[in-house]
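Everything on this sheet refers to the single structure shown next.
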Amino acid sequence: MNFFERLQELDRRWIYLIVALAIIIPLVVPFNSKTYTTEPTEKMYQLIDSYSGRSDRAVLISFLHDASVMPELYPMEIAILRHCFERKIKVFTITFTASGAPIIDLALNRVKEEYPEIKSGVDYCNFGFKPIILPIVLGMGENIATAIDTDAEGRKIATLPIMKDITNYNEMNLVVETSGSAAGGYWITYARVKFGVNVAIGVTAVMAADEFPYLQSGQLTGMLTGLKGAAEYEKLVDVFAAYRDDSHPHGRPFSSEILREKDTDKLVNITTQDNAVFTTQEYQNFLNKYPTAAAILDKIKKVKDGSVMIKVTDLTQDQKDQLGNDAWTALKYQTHNIIYKFKTARIGMNAQSIAHIMIIVFIVIGNIGYFINRKKQNLAK
Amino acid sequence: MKRQIPLAIVIVLGFVFVFYTFVPHKILADDVFNWYMNWSYSMAPFGMLLGVISLVMMHSVKISRKLPKWQFSFVTLGGLLITSIAGFVWGIQPGTPFMWIFENMQMPMSSTMFSLLAFYIASAAYKAFRARSPEATVLLVSAIVVMLAQVPIGIMISKHLPDVSQWILNVPNLAAKRGILLGVGLGSVATSLKILLGIERSYLGGGD
């Protein structure tokens, strides 16, 4: 048996082992790779962002999946919720599968941990699990409070502060459905046709091809495709919604130009960032805003290439206490360090990149072996 | 009567819903719809109950007759019982036993099952994905382009790769998908009409 014949007969357990290593190593050792955003993701982000600060606009996220597809869909849900919380956008959540209810709780609580000022019933509301889909989808077109009646905590929807200025799809103008199968079907067929609500979806990568007809026809406003879509959305949130500087204290609006800037990549590094980097002017503005910080920061600052750098890990607990919570938070923002739960899709994309390459290499090697063997067999004949 | 009553319910309610969708009259939009809403709410728990009874009966029979792999039925029934008790007694909020079961058992088990796909795909790609014919070659090349464009390395290889991938998805893929969708849509309309008019009765069971 020659080399190529042996290659053809390779035990599949070796393949499993190589795939396992190709996935595990990038997850354990994260590295920075570029994430390019696509139009369907950008459109969805822009529409959600346009609701920023408006009391008469809201987003509904429908969690139509169970735990099996969470690795792809959960990071999308986290990223969208984070976007809404960062930009003060009213957000509702709902599920029509019993196993979706704990996923909503998990997602809301994970994101809420970082936003203590965000309150249930005021900034967001979880409608919870509803066992039947069609009456709810149609009913919300007339009146959300009537169709849903009570939220997951048993409170009357109509009495909640979040419902001020929100009646039906005229205000809750975007539905985002995350699903591992046919996402958005009911919303497109009934809610969009009858009430004109915008529909966007987040689907697993294998299902994305099925959704292109709806995307091209404009029935879908946007689409997040698998882990890549989640990674793109994470990036947009980091570059715009979670960005802070003197002129953008609550995030900045979407801009294609900013996405193309070279420096933008520095905002989305997934490796740990512990240097707060300022221009001289930015540093001066920071000290003007937090005068007590000067005594502490001037001691540990380093100036390099015209930039002022402060390694936040050099600060002791006493120094952090002296800085105060606001200054400390502003300083941490300047590092552009992204906490783990807000970059899981991008970490996963590294593993996916290696796995894709691995599969392509397998296909190529398999085909080389196949053609060489075929040629030999033809010659033997 | 066993057949006529269900048939009448389906035909009458089916047409009511058709009228609700296409006729924007107040009676249909408000009164009929609210009536339908209340009915549909009350149906859901019965559906759930039916599911639980069916599951318990199926696995009980499996255990009592010691059918192949009957031992696993204990795990299924035990899972159903324990999760239900945890949910009913302590609720489903974060920090409760129900949520612990979900986070530490259901989530990793479900994800593991789904992730097996990656191993099977890799193995199948190596063992079976061959350019045996021109059609298979087109499929193979398309798959490689789309897979590469899906990850950051694709654009590092060529900045045109995402455009080529997008073209594959937007043109040939879309044409095929739309064709299938139209076929399915027309088939659904035909089947729905047959049900509404009482021609198609196989859903009632039996050989009618």
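Read the figures in this text as sums done on the coordinates, not as results from a lab. This is a predicted model, so every value here is computed, not measured. Glycine also receives a Cβ, built like all others from the backbone with ideal geometry; neighbour counts cover every protein chain displayed.
The table below lists the values:
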{"quantity": "Filtered GluC sites (Glu not before Pro), the stretch A:1-58: DSSP coil and at most 12 other beta carbons within 10 Å", "calculated": "A:GLU9"}
{"quantity": "Among A:ASP238, A:ASP318, A:ASP246: highest mean-square fluctuation, GNM of chain A, C-alpha pairs under 10 Å", "calculated": "A:ASP318"}
{"quantity": "Within the stretch B:1-90: Cβ-based charge dipole about Cα centre, in debye rounded to nearest 20 (Lys, Arg +1; Asp, Glu -1)", "calculated": "640 debye"}
{"quantity": "Spherically averaged projected area of the stretch A:274-335 from its Cα convex hull (nm²)", "calculated": "3.6 nm²"}
{"quantity": "Cβ charges +1 (Lys, Arg) and -1 (Asp, Glu), total dipole of the stretch A:138-259, debye", "calculated": "180 debye"}
{"quantity": "Selection from B:VAL32, A:TYR169, A:SER33, by position along the positive dipole direction of the protein assembly as shown (Cβ)", "calculated": "A:SER33"}
{"quantity": "From phi via Karplus (6.51, -1.76, 1.60), per-residue ³J(HN,Hα) for the stretch A:82-93 in Hz, x at Gly/Pro", "calculated": "4, 4, 4, 5, 5, 9, 6, 10, 5, 9, 10, 10"}
{"quantity": "Listed residues A:ARG110, A:ARG12, A:ARG82, most fluctuating in chain A (Gaussian network, C-alpha, under 10 Å)", "calculated": "A:ARG12"}
{"quantity": "Binned Cα-Cα distances of the stretch A:300-381, short to long, each 5 Å bin given as a whole percent", "calculated": "3, 11, 11, 11, 9, 8, 8, 6, 6, 5, 5, 4, 4, 4, 3, 2, 1, 0"}
{"quantity": "Per-selection metrics, the stretch B:1-60 (Cα): Rg and Dmax in Å", "calculated": "15.9, 51"}
{"quantity": "Cleavage-rule hits (trypsin sites (Lys or Arg not before Pro)) in the stretch B:5-84: DSSP loop, at most 11 neighbouring Cβ within 10 angstrom", "calculated": "B:ARG65, B:LYS66, B:LYS69"}
{"quantity": "Residue order, fewest to most surrounding Cβ atoms within 10 angstrom, among B:ILE157, A:ILE80", "calculated": "B:ILE157, A:ILE80"}
{"quantity": "Sum of side-chain charges, A:PRO291 neighbourhood, beta-carbon under 13 Å (Lys, Arg +1; Asp, Glu -1)", "calculated": "-1"}
{"quantity": "Relative compactness, the stretch A:176-321, computed as alpha-carbon Rg over 2.2 N^0.38 Å", "calculated": "1.49"}
{"quantity": "Cα Rg, Dmax (largest Cα-Cα span) when computed across chain B, Å", "calculated": "25.7, 70"}
{"quantity": "Selected from A:VAL268, A:ALA208, A:LEU220, residue furthest toward positive end of dipole (the stretch A:172-299; charges at beta carbon)", "calculated": "A:LEU220"}
{"quantity": "Between the stretch B:136-208 and the stretch A:296-310, the Cα center-to-center distance that results, in Å", "calculated": "56 Å"}
{"quantity": "Order of A:THR329, A:THR189 - criterion: other Cβ atoms within 10 Å of each residue's Cβ, fewest first", "calculated": "A:THR329, A:THR189"}
{"quantity": "Rounded to 5, the percent of DSSP beta bridges in the stretch A:39-241 classed as antiparallel", "calculated": "5 percent"}
{"quantity": "Amide hydrogen neighbours beyond the local backbone of A:LEU224, cut-off 5 Å, H modeled", "calculated": "A:ILE201, A:GLY202, A:VAL203"}
{"quantity": "Within the protein assembly as shown, helix-based [θ] at 222 nm, where runs of 4 or more DSSP H residues each add -39,500 (n - 2.57), nearest 500", "calculated": "-18000 deg cm²/dmol"}
{"quantity": "For residues of B:173-183, the mean tally of beta carbons on other chains within 10 Å", "calculated": "3"}
{"quantity": "Chain B, dipole about Cα centre (Lys/Arg Cβ +1, Asp/Glu Cβ -1), debye to the nearest 20", "calculated": "740 debye"}
{"quantity": "Taking the convex hull of Cα positions in the stretch B:129-202, its mean projected area over all directions (nm²)", "calculated": "7.8 nm²"}
{"quantity": "Among A:ILE162, A:ILE368, A:ILE104, residue whose mean-square fluctuation peaks in a GNM of chain A (springs only between Cα atoms under 10 Å)", "calculated": "A:ILE368"}
{"quantity": "Farthest toward positive dipole pole in chain A [+1 Lys/Arg, -1 Asp/Glu at C-beta], among A:PRO102, A:PHE127, A:ILE354", "calculated": "A:ILE354"}
{"quantity": "Of all DSSP beta bridges in the stretch A:147-241, antiparallel share, percent nearest 5", "calculated": "10 percent"}
{"quantity": "For B:SER64, A:SER353, order by how many other beta-carbon atoms lie within 10 Å, fewest first", "calculated": "B:SER64, A:SER353"}
{"quantity": "Relative contact order of chain A, pairs being alpha-carbon contacts under 8 Å that are 6 or more residues apart, as %", "calculated": "21 percent"}
{"quantity": "Qualifying GluC sites (Glu not before Pro) for the stretch A:248-350 [loop in DSSP, other Cβ within 10 Å: at most 13]", "calculated": "A:GLU261"}
{"quantity": "Ratio Rg/Rh [Cα only; Rh per Kirkwood] for the protein assembly as shown", "calculated": "1.01"}
